[in-house]
Amino acid sequence: MIRLYVTGDLSPGAAVAPTLDQSRYLTQVMRLKAGDELLVFNGRDGEWRAAIAEVLKKGVILRAEAQTRPQTLGPDLELIVAVVKKARVETIVEKAAELGARRVRLVLTKRTNADRIRLDRLDAIAEEAAEQTGRLDVPRIDDPIKLDAVLTDWEAGRRLMFCDETGGAPAISALTAAVQGFQDQKWSILIGPEGGFSPEEGERLRALPFTTAVSLGPRILRADTAAIAAMSLWQAAVGDWDR
């Protein structure tokens, strides 16, 4: 059944107005008509079965009928990634949503050299990935800011998995042992730019008390590959894959 992310509140009998693009998708691509059913979610009220109540000249009106799943959230995991080329950033956002990240934070490092970011495009990609994967929320995508600012204003109680491309960090197999006692804490995963972190950035990251530095193996990975690999390994060691 089609799943659609909406912004309106969901409750029995609530009328919901999808965006014009979503309405066109429902009626012109999927050929739905009045009375046809779909699933909707808004990240707050769980997942609901809804029906198309009206087909208007511009858009449709949905009517929420019954909740199919209560609201739940996965682990509090955020991906922090240096801005890279547009196509790779889009892949990273899509896969982060599929792999359960609650938030993607784009950062600028000393070696960042990338295209202009369209946040509205990334938001749409995250929404589509959430619809397809069955999750009940959509990850938040943040405007790029400097890495130094992120580290200076670090959230108390959040751990950081620093993917160190220099080869000096323990292998990823050491992650499980390193996170003992921290499984229920908030976590972030940090992926660097195509040119890697500067020596000064690496030194600062390794010195932070909340950091667990890990290596992703002997091969140099592109940023999008590194993000997918790191999130998958984190989920296997700490996340909700076996819950």
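Of all the residues that make up the stretch 2-45, how many are among the β-branched types (Val, Ile, Thr) and outside any loop (DSSP other than H, G, I, E, B)? Steps first, please.
At the first step, the residues of the stretch 2-45 found to be among the β-branched types (Val, Ile, Thr) are 2, 6-7, 16, 19, 27, 29, 40.
Pick out the ones that are also outside any loop (DSSP other than H, G, I, E, B) and you get 16, 27, 29, 40.
Residues that pass the stated criteria total 4.
When the stretch 125-150 is examined, which residues are found to be β-branched (Val, Ile, Thr), closer than 24 Å to Gly196 by Cβ and either open to solvent by less than 20 Å² (accessible area, probe 1.4 Å) or in contact with a Gly (Cβ under 8 Å, 6 or more places away or on another chain) (or both)?
As a first pass, look at the stretch 125-150 and keep what is β-branched (Val, Ile, Thr): 125, 133, 138, 141, 145, 150.
Right, trim to closer than 24 Å to Gly196 by Cβ and you get 141, 145, 150.
Answer for the stretch 125-150, where residues must be β-branched (Val, Ile, Thr), closer than 24 Å to Gly196 by Cβ and either open to solvent by less than 20 Å² (accessible area, probe 1.4 Å) or in contact with a Gly (Cβ under 8 Å, 6 or more places away or on another chain) (or both): Ile141, Val150.
Wholly within the stretch 61-154, which helices (runs of 4 or more DSSP H) include no fewer than the required count, namely at least 1 residues that are within 30 Å of Ala50 (Cα to Cα) and touching a residue at least 60 places away in the same chain (Cβ under 8 Å)? Full working, then the answer.
Working: elements: 86-98, 119-133, 147-152.
Passing ranges, in order: 86-98, 119-133.
Among the residues of the stretch 162-172 satisfying the criterion of being surrounded by 12 or more Cβ atoms within 10 Å (Cβ to Cβ) and outside any strand (DSSP E or B), which is modelled with the highest pLDDT?
Taking the candidates together, the pick is Asp164.
Report yes if Lys57 is farther than 29 Å from Asp240 by Cβ, open to solvent by 70 Å² or more (accessible area, probe 1.4 Å), in contact with a Ser or Thr (Cβ under 8 Å, 6 or more places away or on another chain) and assigned to a loop (DSSP other than H, G, I, E, B), otherwise no. Walk me through how you get there before you give the answer.
On the way: farther than 29 Å from Asp240 by Cβ: yes; open to solvent by 70 Å² or more (accessible area, probe 1.4 Å): yes; in contact with a Ser or Thr (Cβ under 8 Å, 6 or more places away or on another chain): no; assigned to a loop (DSSP other than H, G, I, E, B): yes.
No.
Check Arg111, Arg116 and return the single one that is more than 30 Å from Gly157 (Cα to Cα), at pLDDT below 95 and surrounded by fewer than 16 Cβ atoms within 10 Å (Cβ to Cβ). Give the derivation first.
Details: Arg111 fails: more than 30 Å from Gly157 (Cα to Cα).
Among Arg111, Arg116, only Arg116 is more than 30 Å from Gly157 (Cα to Cα), at pLDDT below 95 and surrounded by fewer than 16 Cβ atoms within 10 Å (Cβ to Cβ).
Mind checking whether some residue in the stretch 151-161 is open to solvent by 60 Å² or more (accessible area, probe 1.4 Å), closer than 21 Å to Gly74 by Cα, among the charged types (D, E, K, R) and modelled with pLDDT of 80 or more?
To start, the set of residues in the stretch 151-161 that are open to solvent by 60 Å² or more (accessible area, probe 1.4 Å) comprises 152-153, 155-156.
Now narrow it down to the ones that are closer than 21 Å to Gly74 by Cα: 155-156.
Checking the rest, the ones that are also among the charged types (D, E, K, R) come to 155.
Narrowing the set further to residues that are modelled with pLDDT of 80 or more leaves 155.
Scanning the stretch 151-161 turns up at least one residue that is open to solvent by 60 Å² or more (accessible area, probe 1.4 Å), closer than 21 Å to Gly74 by Cα, among the charged types (D, E, K, R) and modelled with pLDDT of 80 or more.
Counting just the residues of the stretch 56-78 that are under 22 Å from Leu20 (Cα atoms) and modelled with pLDDT under 95, which one comes out nearest to the chain's Cα centre (by Cα)?
At the first step, the residues of the stretch 56-78 found to be under 22 Å from Leu20 (Cα atoms) are 56-65.
Keeping just the survivors that are modelled with pLDDT under 95 gives 56-59.
Numbers: Leu56: 33, Lys57: 34, Lys58: 31, Gly59: 28 Å.
Once the filter is applied, the top-ranked residue is Gly59.
From the residues in the stretch 213-238 that are in a loop (DSSP other than H, G, I, E, B) and out of contact with any strand residue (DSSP E or B) (no Cβ under 7 Å at 6 or more places or on another chain), which one is surrounded by the most Cβ atoms within 10 Å (Cβ to Cβ)?
Across the stretch 213-238, the extreme among qualifying residues is Leu221.
The values are calculated or read from the model by the stated rules, or taken from the named source; none is laboratory data. All figures in this text were calculated on a predicted structure; none of them were measured in a lab. Using ideal geometry, Cβ is built from the backbone for each residue, glycine included, and neighbour counts are taken over all protein chains shown. With ligands, DNA and RNA removed, areas are computed over all heavy atoms of the protein, side chains included. Shrake-Rupley method; radii C 1.70, N 1.55, O 1.52, S 1.80 Å.
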